[in-house]
């Protein structure tokens, strides 16, 4: 059931928006696929604030469609320090987001929720990745099970946020900062957190096709 994308912005500068309510017959928390935005779901444009410059990354759309097909919610979690830096505002962010959602729909894909942190890195806000605040808020708002969820991002900080939130697996996208952060991403792997950096989008789509419950 749609919630028409009603959003709120917390005092700490975190955008919280869910587009769909959990199904009424859902038994307990659900696994989710958390997805970074810039450099992962859309092409990396520094401090993007113009919707006409937004361009989807096709393999990422494929992965989102596969998650949709097996009933796994897709939650975008994105750092947007350009807002606190004064480069753009929430209205500009919302315009880019609206364009992204519309393009995804035209491509046969949908996202279930969006969380964004406007904080400058120097503040080390709880919502700014690599901190897990956005993931924790999403779990609370959308009845998600972090212990069976995954995160897809192009930076080691994306995967670090997933690890800090108790997720069992992170997937490093090849675009954006993916090449730069490959070694840092591998360094995050441990007994409770695995990392995939090879053929990421195809491997993720295949893994999603094989299961409706995310796990290591």
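Given the structure, is residue 164 over 17 Å from residue 63 (Cα atoms), touching a residue at least 24 places away in the same chain (Cβ under 8 Å) and surrounded by 20 or more Cβ atoms within 10 Å (Cβ to Cβ)? Judged against the criteria, residue 164 is not a match.
Matching residues to (1) touching a residue at least 60 places away in the same chain (Cβ under 8 Å); (2) surrounded by fewer than 16 Cβ atoms within 10 Å (Cβ to Cβ):
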| position | (1), (2) |
| --- | --- |
| 107 | no, yes |
| 113 | yes, no |
| 142 | yes, no |
| 154 | yes, no |
| 170 | no, no |
| 176 | yes, no |
| 203 | no, yes |
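Here is a yes/no grid of residues against (1) assigned to a strand (DSSP E or B); (2) modelled with pLDDT of 95 or more; (3) surrounded by 14 or more Cβ atoms within 10 Å (Cβ to Cβ):
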| residue | (1), (2), (3) |
| --- | --- |
| 4 | no, no, no |
| 22 | no, no, yes |
| 44 | no, yes, yes |
| 48 | no, yes, yes |
| 66 | no, yes, yes |
| 78 | yes, yes, yes |
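Of all residues in region 161-183, those being outside any strand (DSSP E or B), within 13 Å of residue 129 (Cβ to Cβ) and in contact with a helix residue (DSSP H, G or I) (Cβ under 9 Å, 6 or more places away or on another chain) number 7.
Residue count for region 27-42 satisfying the condition of being part of a strand (DSSP E or B) and modelled with pLDDT under 95: 1. If residue 124 satisfies all but one of (1) touching a helix residue (DSSP H, G or I) at 6+ places or on another chain (Cβ under 8 Å); (2) closer than 22 Å to residue 170 by Cβ, what's the number of the condition it fails? It is condition (1) that residue 124 fails.
The values are calculated or read from the model by the stated rules, or taken from the named source; none is laboratory data. This one's a predicted model, so the numbers in the text were calculated from it and none came from an experiment. Here the Cβ is made from the backbone with ideal geometry for all residues, glycine too, and neighbour counts use every protein chain on show.
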